[in-house]
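Encoded as structure tokens, the structure appears first; notes follow it.
The values are calculated or read from the model by the stated rules, or taken from the named source; none is laboratory data. Predicted, not measured: the structure shown is a model, and the values here were computed from it. Cβ atoms come from the backbone with ideal geometry, glycine included; neighbour counts cover every protein chain shown. Ligands, DNA and RNA are excluded from the accessible area calculation, which covers all protein heavy atoms including side chains. Shrake-Rupley method; radii C 1.70, N 1.55, O 1.52, S 1.80 Å.
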Amino acid sequence: MRRRIFGTAATAVALGLLVPLSGCGSSESGDSSSLRLVAAEYGDTPATSSKAFWDKVTRDFTAAHPGTKVEVKLLPWADIDSEVSRMVKAGKAPDMALMGSYSDFAAQGKLYSADELLSVSAEANFLQPLAEAGSVGTTLYGLPFVASSRLLFYNEGLFKTAGVKPPKTWNELKTAAQALKDKGVKFPYALPLGPEEAHAEALIWELSNGGGYADSSGNYSLASERNINTWSWVKDQLVTPGLTGPTPPSRLNRADAFAAFLRGEVGMLNGYPSLYHEARAKGIGVGTIAMPVSDDLGSEESPPTVGVADWMMAFKQNGNRDGISKFLGFIYQDKNLSEFAGRYHLLPSTVSASRTPAAGGGLSQTDRDFLNALRTARLYPVNDPSWVTVSNTIKRNIGRAVEPGGDPRSVLEDIAVKAGDAGAP
């Protein structure tokens, strides 16, 4: 199976909300007058909770499709995968789920395919990299909902003080980081290789040297020579000279790196749209560029960026295909999809919604840059059932490659062995 890279996009807190919605018409079997959706909570406070979106959808959907109840249960990202798995194993699968993975359920034959739920035009409306990541073989099971991509952020004020320009190559990045350090910047380049999301940072660096998690045939290539060279350079040229800050990369999580950026303590780091908007709201001037490339590739090369997305899936267990189809058709209308994406500074997953975001509003230039990057992004292999285990192995081990005394080759080869034990070819 060809691998394509994608993963979850947002963090959230546990609010455990149960929101009643109106539903859709009759089904092929089962009782589609009552549908259940389990969805990840995207907000981090009650004020930003996803409940507001689902409440609005309740009113709108009720007006268009009276007579059917849809219950939406919101769960935190930390719990939703295990909780939905528990429901499925107990024979109590929801009709739909919005979460960060789908391939386990598809491999078990638990999900409706997109062509059983959506019109041909609706299925063709998904952005191509997302549709590929949501497909097992040629069949789409994970319906992409919202997405994002990664760009390199730099603090414009700190760059001006240090007298450096945005880097295009690794050596230029090192030069900028050294100048930032000389000016007392705490984290010249923040390198979050802690277990929260190290697999994203790792892939960004590997792609910028022509490597990555998969080879040209789509098979895992976790310990390729290019990847080994990447981590040798990062260790020797950034970490050892102290250009990544006082916290060892293996103990620096993404959330901590982002918080430091918002405090003005970070010169450069890889980020996504919501961080950009948060920083601007705090008065921090933020520039965004593509990740610099290795000097072996040269500044004219344009490796793909990393993308992330979340997936809507529909379970067969209750036989409510017709009702699910009507509800999904409503949720994926441009105005609804764009409204949800806009709340969290994410990108809608469809071609039409990305052209007319927020029911006709315009994207900022920076958001357009993220969208352009998303169109050609490299995606996590979420369509491979072993990816959950493989990604966890990467997250918990890649930081060792840049520790004092660490050997990038040994670490990557160890990760590859563990991935093979998980069933990755």
- [ ] Hey, can you tell me all the residues within the range 267-300 that are touching a residue at least 24 places away in the same chain (Cβ under 8 Å), in contact with a strand residue (DSSP E or B) (Cβ under 9 Å, 6 or more places away or on another chain) and among the acidic types (Asp, Glu)?
- [x] Asp295
Task: In the range 90-104, residue farthest from the chain's Cα centre (by Cα) [restricted to those that are outside any loop (DSSP other than H, G, I, E, B) and modelled with pLDDT under 95] - done: Asp104
- [ ] For Ala314, indicate whether it is free of Cβ contacts under 8 Å to residues at least 24 places away in the same chain, outside any loop (DSSP other than H, G, I, E, B) and not charged (D, E, K, R).
- [x] no
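Residues checked against (1) closer than 19 Å to Val38 by Cβ; (2) at pLDDT 90 or above; (3) aliphatic (A, V, I, L, M):
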residue: His65; (1), (2), (3): no, no, no
residue: Arg86; (1), (2), (3): yes, yes, no
residue: Ser113; (1), (2), (3): no, yes, no
residue: Asn125; (1), (2), (3): no, yes, no
Task: The one condition in (1) touching a residue at least 24 places away in the same chain (Cβ under 8 Å); (2) closer than 17 Å to Arg409 by Cα; (3) in contact with a strand residue (DSSP E or B) (Cβ under 8 Å, 6 or more places away or on another chain) that Ser221 fails to fulfil - done: (1)
Task: Odd one out for Ile289, checked against (1) surrounded by 18 or more Cβ atoms within 10 Å (Cβ to Cβ); (2) at pLDDT 90 or above - done: (1)
Open item on the list: Exactly one of these conditions fails for Ser299: (1) open to solvent by 10 Å² or more (accessible area, probe 1.4 Å); (2) at pLDDT 95 or above. Give me its number.
Closed with: (2)
TODO: Being without any contact (Cβ under 8 Å) to a residue 60 or more places away in the chain and crowded, with 21+ Cβ neighbours inside 10 Å is the filter here, so list the residues in the range 133-163 that pass it.
DONE: Leu140
TODO: Would you please list the contacts, defined by Cβ atoms under 7 Å and residues six or more apart or on different chains, that run from a residue in the range 74-101 that is under 13 Å from Met312 (Cβ atoms) to a residue that is open to solvent by 10 Å² or more (accessible area, probe 1.4 Å) and not in a helix (DSSP H, G or I)?
DONE: Pro94/Arg36; Asp95/Arg36; Asp95/Asn318; Gly100/Thr8
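May I ask you to say which residue of Asn392, Asn397 is under 16 Å from the mean Cα position of the chain (by Cα), part of a helix (DSSP H, G or I) and free of Cβ contacts under 8 Å to residues at least 40 places away in the same chain? Even if it seems obvious, please write down each step before you answer.
Values: Asn397 fails: under 16 Å from the mean Cα position of the chain (by Cα).
Within the list Asn392, Asn397, the selection yields Asn392.
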